[in-house]
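Visitor: Handing you a structure now.
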Amino acid sequence: MTALVRSGVMKLTLQFQTPSPSLSLFSSSLSITKTPSPPSFFSFRHPLSHSSNASKTPTTNPLPSSSFESQLFIPPGIEPDEVDDSTVLPGSNIAVGPYAGDSRIKDVQFVKSSARARDCPKDDLPEFAVLGRSNVGKSSLINSLVRKKEIALTSKKPGKTQLINHFLVNKSWYLVDLPGYGFAKAPEAAKTDWSSFTKGYFLNRSTLVAVLLLIDASVPPQKVDLDCANWLGRNNIPITFVFTKCDKMKVAKGKRPDENIRDFQELIRQNYKQHPPWIMTSSVTGMGRDELLLHMSQLRNYWDQ
């Protein structure tokens, strides 16, 4: 565990192992190149407070079971020996700590769409970015979280979202809808522009609490998702894996969602010494909605203290 202080932001980090230098982000111009001293941390952000406390460092702890819940995400303010089944959110590896608070969404307002990271809101409110492969169910998840139909555009055409869209929640924090990656039918120019401004958003957005990286649990692990996760880890971007479509049944010759999740996590462990937080969701049944919002509340409250 390491605490880094950069530009007034303290990052509590989980170790990240260097992935293969051949990995690229979103199969586009963003590539991972091998450097003499590559980034080696997975970060959890909050503003620099009066003092730092080692006990606030997020940790992971093996679960005494053979299930795919093999490691826990321990949030700030709670020790591993204080965690039991009652403190772990269902369908996740996330323990609930003292920073978890009121997670209800009472008001949502669309604020603006930005074509460039520097055009995003500048009011210093904390924000969560929602990111995922095209057709992963990103818009459906956002609509489910806020319980408003079509607050985020839902379309049968993958890659419809082309801008950085900010939604103000409870007048105190932002939910940010980012363009989906990996859509094959988008113009090459759109792919290039997307890579450029999204990279700038991730690397320069000091108010970013965490990225909610959506992974389709109804299909086997996809290389583009693994590349994205590894790029975020190498660049110290906080991440929570949100597995979508967990209500879907096993398809012919396919695997169940929990089996696909297990396979994805095994691949992620090759690069992450300690597993990031993850949670199972379904926009159809509402699975994981309240739990994800509670997880976001403890990250946000710790960031905002």
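The values are calculated or read from the model by the stated rules, or taken from the named source; none is laboratory data. On a predicted model such as this, the values are computed, not experimentally measured, just so you know. Here Cβ is always computed from backbone atoms with ideal geometry, including for glycine, and neighbour counts include all displayed protein chains. These area figures cover heavy atoms from the full protein model, side chains too; ligands, DNA and RNA do not enter into them. Shrake-Rupley method; radii C 1.70, N 1.55, O 1.52, S 1.80 Å.
Visitor: Enumerate the amide H contacts of GLN71 below 5 Å, restricted to partners 5 or more residues apart or on another chain; note that Pro and chain-start residues carry no placed amide H.
Guide: For GLN71, whose amide H was placed from the backbone, the distant partners under 5 Å are LEU63.
Visitor: Taking amide hydrogens as modeled 1.01 Å from N in the peptide plane, which residues meet the under 5 Å criterion relative to GLY132, leaving out close sequence neighbours?
Guide: Amide H neighbours of GLY132, under 5 Å, 5+ apart: TYR181, LEU214.
Visitor: Excluding ligands, DNA and RNA, what is the solvent-accessible area per residue of the stretch 196-305 at a probe of 1.4 Å, expressed in Å²?
Guide: So the stretch 196-305 comes to 36 Å² accessible per residue, rounded to a whole number.
Visitor: Please go through the residue pairs LYS112/LYS138; LYS112/LYS245; LYS223/LYS248; LYS112/LYS171; LYS245/LYS273 and name each one whose alpha carbons sit more than 24 Å apart in this structure.
Guide: Checking Cα-Cα distances, LYS112/LYS245; LYS245/LYS273 exceed 24 Å.
Visitor: Also: When only the heavy atoms of the protein chains count and the probe is 1.4 Å, how do GLU266, GLU259, GLU127 rank by accessible area, highest first?
Guide: The ordering from most to least exposed comes out as GLU266, GLU259, GLU127.
Visitor: Another question, if that's okay. How large is the accessible surface of VAL130 in square angstrom, using a 1.4 angstrom probe and rounding to the nearest 10?
Guide: The value for VAL130 is about 0 Å².
Visitor: Something else about it: Determine the dipole magnitude for the stretch 75-126: charges of +1 sit on the beta-carbon of Lys and Arg, -1 on that of Asp and Glu, nothing else is charged, the reference point is the Cα centre, and the result goes in debye to the nearest 20.
Guide: Working: 6 positive and 10 negative charges, 137 e Å.
The dipole of the stretch 75-126 has a size of about 660 debye.
Visitor: Explain nothing, just compute: Karplus ³J(HN,Hα) = 6.51 cos²θ - 1.76 cosθ + 1.60, θ = phi - 60°, for every residue of the stretch 292-303 in order, whole Hz, x for Gly and Pro.
Guide: 5, 5, 5, 4, 5, 5, 6, 5, 5, 5, 5, 4
Visitor: Continuing with this model, one more query. What ranking of SER283, SER114 comes out by heavy-atom accessible area, probe 1.4 Å, highest first?
Guide: SER283, SER114
Visitor: Evaluate the distance, in nm, between pseudo-label points positioned 7 Å from the Cα of SER206 and of ASP304 along their respective Cα→Cβ axes.
Guide: Each label point is offset 7 Å from its Cα along the Cβ direction, giving 1.9 nm.
Visitor: What does the accessible area of MET287 come to, in Å² to the nearest 10, when a probe of 1.4 Å is used?
Guide: Result for MET287: roughly 70 Å² accessible.
Visitor: Right, next: So, in nm, how far is label ASP123 from label GLN109 when the simple model puts each one 7 Å beyond its Cα toward the Cβ?
Guide: 0.6
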